[in-house]
Amino acid sequence: MLKLTRTTSDNPHFRQLVALLDQDLSIRDGADHAFYAQFNKIDKLNHVVVAYSNDEPVACGAFKEFSPELVEIKRMFVQPTQRGQGVAQAVLTELEQWAKELQYAGCVLETGKKQPEAIRLYQKSGYALIPNYGQYIGVENSVCMQKELA
């Protein structure tokens, strides 16, 4: 049974999962990791979801305001043993629901070409490719996406 908890970046389970995420990304992104890491600080995230299975933290995600109308999805991660079971979809859906409750009209996100499973998740969830935004403009490995929240 999956339990989703809304929290902040002060949550120790979120910090533990993000440490695992960063380990994974440092391998996937190689030399590019330091560039991406500067945009993934977690000290002031007020909208974090941690997923628990049998009271164990197994996945996380967060969002922060991108503009008055949009949030940016950040720090999505699922423990390798829990992948392929709909956990990431559940976390993403909870984040989108929370953003809707706060009157945001949509979500944007950035992921990497070396994360094909993330790209598939977002496409399956209704996200469309958009031109790279902000710090990701001109970055070859970056894939930016957006979804309107109905």
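Once segment 33-53 is narrowed to residues that are at pLDDT 95 or above and β-branched (Val, Ile, Thr), the residue that is farthest from the chain's Cα centre (by Cα) is VAL50.
What pairs come up if the first residue lies in segment 60-89 and is without any contact (Cβ under 8 Å) to a residue 40 or more places away in the chain, the second is among the aromatic types (Phe, Trp, Tyr) and not in a loop (DSSP other than H, G, I, E, B), and their beta carbons are under 6 Å apart, counting only those six or more places apart or on different chains? Within 6 Å, the pairs are VAL71/PHE63; ILE73/PHE63. For GLY30, the stated conditions hold: it is surrounded by fewer than 14 Cβ atoms within 10 Å (Cβ to Cβ), at pLDDT below 95, part of a helix (DSSP H, G or I) and at positive phi.
Taking the condition of being surrounded by 16 or more Cβ atoms within 10 Å (Cβ to Cβ) and within 16 Å of LEU149 (Cβ to Cβ), how many residues in segment 67-84 meet it? Number satisfying all stated conditions: 4. Residues that are aliphatic (A, V, I, L, M) and more than 15 Å from the chain's Cα centre (by Cα) number at least 1 in the following strands (runs of 3 or more DSSP E) confined to segment 54-150: 128-130.
Conditions (1) surrounded by 14 or more Cβ atoms within 10 Å (Cβ to Cβ); (2) of a type outside the set (D, E, K, R), marked per residue:
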site	(1), (2)
GLU65	yes, no
GLY86	no, yes
GLY106	yes, yes
GLU110	yes, no
ILE119	yes, yes
LEU129	no, yes
GLY134	no, yes
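Any idea which residue in segment 17-27 is modelled with the lowest pLDDT, counting only those that are over 15 Å from the mean Cα position of the chain (by Cα) and farther than 20 Å from LEU109 by Cβ? Ranking the qualifying residues of segment 17-27, first place goes to ILE27. Taking the criterion of being polar (S, T, N, Q) and either within 12 Å of ARG6 (Cβ to Cβ) or surrounded by fewer than 14 Cβ atoms within 10 Å (Cβ to Cβ) (or both), the residues of segment 41-63 that qualify are ASN46, ASN54. Please find, within segment 136-145, the residue that is farthest from GLU69 (Cα to Cα) out of those that are surrounded by 12 or more Cβ atoms within 10 Å (Cβ to Cβ) and out of contact with any Cys (no Cβ under 7 Å at 6 or more places or on another chain). Across segment 136-145, the extreme among qualifying residues is ASN141.
The values are calculated or read from the model by the stated rules, or taken from the named source; none is laboratory data. What you see is a predicted model, and the numbers here were worked out from it, not measured in a lab. Methodologically, a virtual Cβ is constructed for each residue, glycine included, from the backbone with ideal geometry; neighbour enumeration extends over all protein chains shown.
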